Amino acid sequence: MPRIKITTPRPILPSPIPGPKASKAMKTLLILNGPNLNLLGTREPTVYGATTLAELEAECVGHGQRLGFAVECFQSNHEGALIDQIQSAGRRFQAGELAGVVLNAGAFTHTSVALFDAIGGVKPLPVIEVHISNVHARESFRHHSYISPAAAGIVVGFGTDGYRLAIEGLARKAGAA
């Protein structure tokens, strides 16, 4: 009679950023953060909270893993670098490797036609726009988003929990939740 080995599952712990490489069965979510989000935790904590970017990225990786996704995180203060990431994400989505993108474009939200065009150029890639603060309760120049018309969804004003909500939205769109 063969011996049966019983093991207890180990808890899934957040991986260092970038997230784990996606297996053939596991799709990836891409978290993109724009200008000044590298200052999370120190820049206007009354508006953006005390969570650092590294802590936020670890939370995103952990939450994505719990939903069955690999998670990659990228932050840049440069518009072109974000556009390059979106265009690459479009190719990866078409190849079946990527489930979608969570994008906090920061101040580029209110100024970047180029990001709008990049998102439009990679349809049907789902992009969820996220903002930590309620931009509609702030200065009037923050009330307009060039990203929103191209986004598959928008999460605004839930603090860093908005990323978790956006990840859950992408998981639902991908049929995983």
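Bear in mind these aren't lab numbers, they're just calculated from the coordinates by the rules spelled out. Just so we're clear, the structure is a prediction, and the values are computed from it rather than from any experiment. Because the Cβ atoms are built from the backbone with ideal geometry, glycine has one as well, and the counts that use them run over all protein chains shown.
So what is the relative contact order of the stretch 79-177, in percent, for Cα pairs below 8 Å that sit 6 or more residues apart? Don't skip to the answer; put the middle values down first.
Working: 148 pairs, mean separation 28.0, N = 99.
After rounding, I find 28 percent.
Describe numerically, in nm with one decimal, the distance between label points set 7 Å from Cα along Cα→Cβ at N36 and at N134.
About 2.0 nm, to one decimal.
Taking K and R as +1 and D and E as -1, what net charge do the other residues with C-beta under 13 Å from the C-beta of T160 add up to?
On the way: positive: R164; negative: E55, E57, E59, D161.
Cβ neighbours under 13 Å give a net charge of -3.
First check a/c for the stretch 41-177, with a ≥ b ≥ c the square roots of the eigenvalues of its C-alpha gyration tensor; if it is under 1.5, answer rounded, and if not, answer prolate when a/b is larger than b/c or oblate otherwise. Each step should come with its number before you reach the end.
Working: a/c = 1.64, a/b = 1.15, b/c = 1.42.
It is oblate, given that a/c is not under 1.5 and a/b is not larger than b/c.
Against the 2.2 N^0.38 Å scaling, with N counting residues, where does the stretch 56-114 land? I'd like the Cα-based Rg ratio to two decimal places. Intermediate results must be reported in sequence, preceding the final value.
Numbers: Rg = 12.6 Å, N = 59, 2.2 N^0.38 = 10.4 Å.
This ratio for the stretch 56-114 stands at 1.22.
Please work out how much length the chain gains when fully extended from H78 to F158, using 0.36 nm per residue of separation minus the C-alpha to C-alpha distance, in nm with one decimal. Each step should come with its number before you reach the end.
On the way: separation 80, 0.36 × 80 = 28.80 nm, distance 2.51 nm.
Extending this stretch completely gives an extra 26.3 nm.
Hey, can you grab everything whose amide H is under 5 Å from the amide H of L98? Only 5+ residues off in sequence or another chain; H modelled, so Pro and N-termini drop out.
T28, F93
How many nm is it between the label spots at E97 and A54, if each spot is 7 Å from the Cα in line with the beta carbon?
According to this spin-label approximation, the distance is 2.8 nm.
Name the long-range amide H neighbours of V155: under 5 Å, sequence gap of 5 or more, or other chain; modelled H, no Pro or chain starts.
Sorted by chain and number, the residues that satisfy this are E129, V130, H131.
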